[in-house]
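Values in this text are rule-based calculations from the coordinates and carry no lab data. This one's a predicted model, so the numbers in the text were calculated from it and none came from an experiment. Here the Cβ is made from the backbone with ideal geometry for all residues, glycine too, and neighbour counts use every protein chain on show.
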Amino acid sequence: SRRQRQMCIRDRIAEACLFYEYSFIRTEMECKKMSDVRISDDILYIGVDDGDLDLFESQYEVPNGVSYNSYLIIDDKIAVMDTADTKVSEKWLSNLEKALGGRKPDYLVISHLEPDHAGNIRAAAEKYPEMKLVLNSKSAAMIVQFFEIDIEKRGIIVKEGEELNLGRHTLKFIMAPM
């Protein structure tokens, strides 16, 4: 039943990974909540589980729901890796704020603009007005169609192979078109 599936989803974990496509379908073998995942002392999971979703992208059955995966890298500079779907905004923002522990993010790295990854760009940009948005040129051209953000002022446009140094961590940008 739906209720059993919702209760069961809370006891499952999906493999934590830092690929461009963060959202993935959860399996029956999972045994912990994603909220319990800690990648390392510097990389924290701040995503949200969604046990209510039956169809991912309106075509893929997901009987166990999905995880909207987002990560926080804490270093000399702090980077948020993707956001989450707007239907989980409150929980995602709460996870972000808790993980930040009073600090403010320097960067929001936007992998692409699908709603399950980019739904909370506006909320994050409004909450942290000094935060820069790191994205590629295609995303920069499209973002203004969805959000009222001055990309000229707030954006850092990255190209293939460019790097962003956070301190002990360096992000290297590799375009991975679908």
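Give me the net charge of Phe173's neighbourhood, meaning all other residues with Cβ under 11 Å from the Cβ of Phe173; Lys, Arg count +1, Asp, Glu -1. So the environment of Phe173 carries a net charge of -1. Applying 1/(1 + (r/R0)^6) with r as the Cβ-Cβ distance of Ser40 and Ile174 and R0 = 30 angstrom yields a FRET efficiency of 0.90. In plain terms, the chain from Thr86 to Ala141 could stretch by 17.7 nm, reckoned as 0.36 nm per residue minus the Cα-Cα distance. Local charge for Asp41 was computed over the other residues whose Cβ lies under 12 Å away, with Lys and Arg +1 and Asp and Glu -1, and equals 0. Divide the volume of the convex hull around the Cα atoms of the range 67-146 by the residue count and you get 88 Å³ per residue. Using the Cβ of Asp85 as centre and a radius below 10 Å, the other residues enclosed give a net charge of -2, where K and R count +1 and D and E count -1.
Loop-located trypsin sites (Lys or Arg not before Pro) across the range 69-178 with a Cβ neighbour count of 12 or fewer within 10 Å are Arg103, Lys159, Arg168, with loop assigned by DSSP. Loop-located GluC sites (Glu not before Pro) in the range 72-178 (DSSP state other than H, G, I, E, B) with a sparse environment of at most 12 neighbouring Cβ atoms within 10 Å: Glu130, Glu148, Glu160.
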